Amino acid sequence: MPELPEVETVVRGLRPWLEGRVLAEVIQRRPDLRRPLPGDFVARLQGRRVTAVARRAKYILVHLDSGEVLLAHLGMSGRMVVAGAPNAPLDAHDHVVLLTDAGAQIRFHDPRRFGLMDVVPEAELESHRLLRHLGPEPLDPGFDGPALAARLAGRRTPVKAALLDQTTVAGLGNIYVCEALFAGGLSPRRQAYTVTGKRAARLAESVRGVLARAIAAGGSSLRDHRQSDGTLGYFQHAWAVYGRAGAACAHCTCDLARTGGVQRIVQSNRATFYCPHRQR
């Protein structure tokens, strides 16, 4: 599933094509995705001007001059791609198409239909059932060591599991939690409540740094992620530990024959990759 860097990359790619433009035509090709689309979906979007394109956690937010917001989630296989040839035939999995008054065509392509779309009054956005329980944004200026320590206080669960909980921090997923814990030198097995003071400051800085580098690289492309222009992200080539079981971690000085390199364990039914020598 796309994590924060992938969604942020898509949002940044869509802004030049959507912000300030009118949705001249909206094509809805099926009644549902993961959930049913609103019955008046097209009517609430068509003819509206886009005032801003933003992100909350792993959700894309397209703000309209009607005071409503198109809320979209990419699911497992969804993409929001600006069509290279707007007149090209639609693919069977192009479920929603946005055409602007400037002639741009943005296609929501989702073969497995785990994505979703909704139209929400802006005043009700923060209380929406999908957003109301989300934790702070890790890229916001206020996300620092004390803020992170406060979210982890009293949590007697591994820090890896705590960071994957969207009520703790919004937008983090398995890949970037593994990478951030490595960068911060913290074991994924460490109890969350023990991450305080310098440890919390180090981890908050690592989260922000890993996310910033991933966004600059266009995210990580595994199976389905594409940037809005259809190109691949390439941060997967910079992973220090994720998916590297048995290999050397970044800047490794370990004796691989003795340590076995990066270790893979399972926590909460998710694979965790880490270096026991560097992460404590």
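Worth pointing out:
Residue by residue, here is whether (1) in contact (Cβ under 8 Å) with a residue 60 or more places away in the chain; (2) of a type in the set (G, A, S); (3) at negative phi holds:
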site: L125; (1), (2), (3): yes, no, yes
site: R129; (1), (2), (3): no, no, yes
site: R155; (1), (2), (3): no, no, yes
site: L163; (1), (2), (3): no, no, yes
site: T168; (1), (2), (3): no, no, yes
site: A201; (1), (2), (3): no, yes, yes
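- Taken over the range 164-214, the criterion of being surrounded by fewer than 24 Cβ atoms within 10 Å (Cβ to Cβ), closer than 23 Å to H251 by Cβ and of a type in the set (D, E) is satisfied by E205 alone.
- So A54, is it of a type in the set (G, A, S) and over 15 Å from the mean Cα position of the chain (by Cα): no
- The single condition among (1) over 14 Å from the mean Cα position of the chain (by Cα); (2) at pLDDT below 95; (3) closer than 27 Å to D110 by Cβ that A247 does not meet is (3).
- Condition check for G67: over 18 Å from the mean Cα position of the chain (by Cα), more than 29 Å from Q166 (Cα to Cα) and touching a residue at least 24 places away in the same chain (Cβ under 8 Å): no
- Residues (surrounded by 15 or more Cβ atoms within 10 Å (Cβ to Cβ) and either part of a loop (DSSP other than H, G, I, E, B) or at pLDDT 90 or above (or both)) located in the range 233-242: G233, W239, A240, V241, Y242
- Of all residues in the range 134-153 being more than 21 Å from V7 (Cβ to Cβ) and assigned to a loop (DSSP other than H, G, I, E, B), the one that is nearest to the chain's Cα centre (by Cα): D144
- Qualifying residues in the range 63-108 (those that are touching a Ser or Thr at 6+ places or on another chain (Cβ under 9 Å) and at pLDDT below 95) - the one farthest from E19 (Cα to Cα): R79
- So C275, is it surrounded by 13 or more Cβ atoms within 10 Å (Cβ to Cβ), touching a helix residue (DSSP H, G or I) at 6+ places or on another chain (Cβ under 8 Å) and modelled with pLDDT under 90: no
The values are calculated or read from the model by the stated rules, or taken from the named source; none is laboratory data. Since the model is a prediction, treat every value here as computed from it, not as a measurement. Note that we place each Cβ from the backbone using ideal geometry, even for glycine, and neighbour counts take in every protein chain shown.
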